[in-house]
Amino acid sequence: MIDRLEPVSGAHFAFTDRWGGVSAVPYEELNLGGAVGDDPEAVRANRARAAGELGLDPGRVVWMNQVHGSDVTVVEGPWGDRPVPEVDAIVTTRRGLALAVLTADCTPVLLADPVAGVVAAAHAGRPGMVAGVVPAAVRAMIELGADPARITARTGPAVCGRCYEVPEAMRAEVAAVEPAAFAETSWGTPAVDVTAGVHAQLERLGIRDRRAGEVCTRESGDHFSYRRDRTTGRLAGYVWLDGYDGP
């Protein structure tokens with residue numbers, strides 16, 4: 001199933017769960033990640049199903065080769081035969097071109113300024129949040145005419161601060177960069193809240209229209225979680241603008 005959020009002035013946002021696809025255990029069912037060991041044919045079928053449910057052409061969904069960094073690229077169309085770049089955020093001004101981000105505990109970040117006609121998708125795990133992938137994506141949007149005061153930000157299913165246990169030294173390192181990410185697990189040990197860190201960054205950038213998803217992937221059996229299961233599938237977040245700009 002897909003959680004399609006309320007559109008904002010022609011900007012669309014959606015997040016998947018794990019159901020409604022064709023992948024077998026341990027990737028059941030709607031695995032959209034192509035680099036986790038699943039059957040490539042099943043992944044292609046799942047991506048086509050998800051796109052179809054959203055009213056999108058699967059060939060006009062742009063994916064990333066995510067590496068937990070802060071690099072951003074502006075895209076004008078599908079990759080085609082070109083190598084998929086190693087980036088953790090993509091930005092476009094092309095209407096009808098959907099941007100996708102894969103996660104299984106990390107925070108998927110979808111951004112849109114419908115007035116400027118600019119959207120972005122970012123993959124914010126702990127390393128990417130610390131490295132500033134979300135501010136980098138917003139800067140790229142601004143260079144294309146976006147105004148932070150007009151940007152809508154939506155974050156989706158991710159591991160919550162009550163469940164993302166880390167060593168004390170790691171929590172201190174993260175909090176030194178982003179204090180809002182300081183957290184404690186429900187069992188009283190050091191933790192990191194990546195989504196809280198992302199929203200603090202967005203607030204400092206002047207983005208007021210922000211909403212966070214309520215699903216913790218580690219707690220939800222309806223979502224993939226790497227921290228819970230290790231070998232598992234990937235969820236996807238999608239953002240796009242109404243209309244069509246070729247190619």
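Miscellaneous remarks
- Unique match (being on the phi > 0 side of the Ramachandran plot and of a type in the set (Gly, Ala, Ser)) among Gly156, Gly206: Gly206
Here is a yes/no grid of residues against (1) touching a strand residue (DSSP E or B) at 6+ places or on another chain (Cβ under 9 Å); (2) of a type in the set (Phe, Trp, Tyr); (3) closer than 21 Å to Ala131 by Cα; (4) surrounded by 16 or more Cβ atoms within 10 Å (Cβ to Cβ):
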position: Arg171; (1), (2), (3), (4): yes, no, yes, yes
position: Ala200; (1), (2), (3), (4): no, no, yes, yes
position: Ile207; (1), (2), (3), (4): yes, no, yes, yes
position: Glu214; (1), (2), (3), (4): no, no, no, no
position: Asp222; (1), (2), (3), (4): no, no, no, no
position: Ala236; (1), (2), (3), (4): yes, no, no, yes
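- Among the residues listed as Ala89, Ala104, the single one being crowded, with 17+ Cβ neighbours inside 10 Å, in contact (Cβ under 8 Å) with a residue 60 or more places away in the chain, closer than 24 Å to Ala181 by Cα and under 13 Å from the mean Cα position of the chain (by Cα): Ala104
- The set of residues from segment 173-192 being of a type outside the set (A, V, I, L, M, F, W, C) and surrounded by fewer than 20 Cβ atoms within 10 Å (Cβ to Cβ) comprises Glu173, Pro179, Glu184, Thr185, Ser186, Gly188, Thr189, Pro190.
- Counting only residues that are assigned to a loop (DSSP other than H, G, I, E, B) and within 21 Å of Val177 (Cβ to Cβ), segment 130-161 holds 4 of them.
- Test for Pro157: is it farther than 22 Å from Ser70 by Cα and either touching a residue at least 12 places away in the same chain (Cβ under 8 Å) or surrounded by 18 or more Cβ atoms within 10 Å (Cβ to Cβ) (or both): no
- Note on segment 211-243: among residues that are over 14 Å from the mean Cα position of the chain (by Cα) and basic (Lys, Arg), the one that is nearest to Glu6 (Cα to Cα) is Arg218.
- Failed item, numbered, when Gly37 is tested on (1) surrounded by 19 or more Cβ atoms within 10 Å (Cβ to Cβ); (2) part of a loop (DSSP other than H, G, I, E, B): (1)
- If you check Ala104, Ala146, Ala140, Ala131 for being farther than 23 Å from Gly55 by Cβ and touching a Phe, Trp or Tyr at 6+ places or on another chain (Cβ under 7 Å), only one passes: Ala104.
Read the figures in this text as sums done on the coordinates, not as results from a lab. Note that the structure is a prediction, hence the values are computed from the model and not measured. Cβ: placed from backbone, ideal geometry, glycine included. Neighbour counts: every protein chain shown.
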